[in-house]
Amino acid sequence: MAQNGALDNPVLNKFNVEGKNIVITGGCRGLGFNFAHALAQCGANIAAIDLNEQASEELEKLSFGGKYKYYRSNVADYQGLKKTIDQIHEDFGSIDGCVPAAGIIRDRPFLEHTEKDWRDTIDVNLNGVFFTIQHCAAKMVEQKTGGSIVCIASTAGHKSLSPQTIAAYTASKYAVRGLAKQTAHEMAKHNIRVNSISPGTILTDMLKGVMEQDPSRRQLFVESCAMKRLANPDELSGIMLYLMSEASSYTTGQDFLVDGGLV
Ligand SMILES: NC(=O)c1ccc[n+]([C@@H]2O[C@H](COP(=O)([O-])OP(=O)(O)OC[C@H]3O[C@@H](n4cnc5c(N)ncnc54)[C@H](O)[C@@H]3O)[C@@H](O)[C@H]2O)c1
């Protein structure tokens, strides 16, 4: 029996992101680009941040009628990123969603991890996420509109992924889950939800790089999950749409594993 206005609010309407302004870091390729593509297809406006001088060709070709703008900025540069997010706020009028997807990985045995490997990884994967969500959340609080933040963690934020040798990466991803959990509690009073997605092995340039470094990894990745295959980036679009929209209005502080049964 329909209650609480269910008939007036069909469930599919809850997945509407039309007109939402969403900041995506690492937006030029891989998962960041895929999220930009999926959300733009559903009518969102996208502000993509990445390191490249120009937007990627893929990003340039987004053609769903919404507004897209590319911003060159390093997520590890606190002040530079703040300026970029101020600019996005000015250009778009508001920030309703934030997806810090920029990330790097260094696959090297623990004792061979250099200081630079550690610092670079933490700088992008953890500091960059902290800076991005703090700058975006500040705008959402100022606007008094609420918002949704979806961090990108990893199955590496749940367990050690032997035989990969990714100590700094793993540490950064456990920390991202913790950051999302804590900030969800602090931001709830502002109607800002903070969640994270933990993808398994998704066929992006990052993963291809890991497999090129050691081709035996592909088989290990495939064997290590119940579904016995790698995933395409667009297999994360559904969970992103759920978390970015009102469909997830009572969901915050959670991590969502999308891993083909890895963990
Ligand atoms: N691909 C996977 O299997 C997988 C699995 C779990 C988690 N993830 C996570 O998903 C996110 C995206 O990964 P991906 O596979 O798409 O990687 P990718 O390497 O294909 O894309 C990452 C993007 O981030 C950008 N970037 C890197 N450093 C940056 C910086 N300092 N400032 C701004 N942009 C920067 C890169 O230029 C690139 O466009 C990462 O956080 C990664 O850890 C990926």
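Looking at the range 101-123, I want the residues that are more than 17 Å from residue 174 (Cα to Cα) and have a partner that is of a type in the set (S, T, N, Q) with Cβ atoms under 6 Å, at least 6 apart or on another chain. Which pairs are those? Matching pairs, first to second residue: 108/165; 109/165. Among the residues of the range 90-118, the ones that are basic (Lys, Arg) and away from the ligand (no atom under 12 Å from the Cβ) come to 2 in all.
The single condition among (1) within 15 Å of residue 253 (Cα to Cα); (2) without any contact (Cβ under 8 Å) to a residue 24 or more places away in the chain that residue 185 does not meet is (2). From the list 149, 202, the one residue that fits, being within 13 Å of the ligand (Cβ to nearest atom) and either touching a residue at least 12 places away in the same chain (Cβ under 8 Å) or within 16 Å of residue 262 (Cα to Cα) (or both), is 202. Selection of the range 215-249 for residues being surrounded by 13 or more Cβ atoms within 10 Å (Cβ to Cβ), touching a Leu at 6+ places or on another chain (Cβ under 9 Å) and assigned to a loop (DSSP other than H, G, I, E, B) yields 224, 225, 230. Any chance you could count how many residues in the range 79-100 are surrounded by 15 or more Cβ atoms within 10 Å (Cβ to Cβ) and touching a helix residue (DSSP H, G or I) at 6+ places or on another chain (Cβ under 9 Å)? Looking only at that region, the number is 13.
Residue 190 meets all of the listed conditions (1) modelled with pLDDT of 95 or more; (2) surrounded by fewer than 21 Cβ atoms within 10 Å (Cβ to Cβ); (3) near the ligand (Cβ under 10 Å from one of its atoms) but one, namely (3).
Residue 256 meets the conditions (1) touching a Leu at 6+ places or on another chain (Cβ under 9 Å); (2) part of a loop (DSSP other than H, G, I, E, B); (3) among the aromatic types (Phe, Trp, Tyr) in every case but one. The failed one is (2). If you go through the range 38-75 and keep only what is away from the ligand (no atom under 12 Å from the Cβ), within 22 Å of residue 147 (Cα to Cα) and touching a residue at least 24 places away in the same chain (Cβ under 8 Å), you end up with 38, 39, 40, 42, 43, 44, 45, 46, 47, 66, 67, 68.
The values are calculated or read from the model by the stated rules, or taken from the named source; none is laboratory data. Since we're looking at a predicted model, the values are computed, not measured. Here the Cβ is made from the backbone with ideal geometry for all residues, glycine too, and neighbour counts use every protein chain on show.
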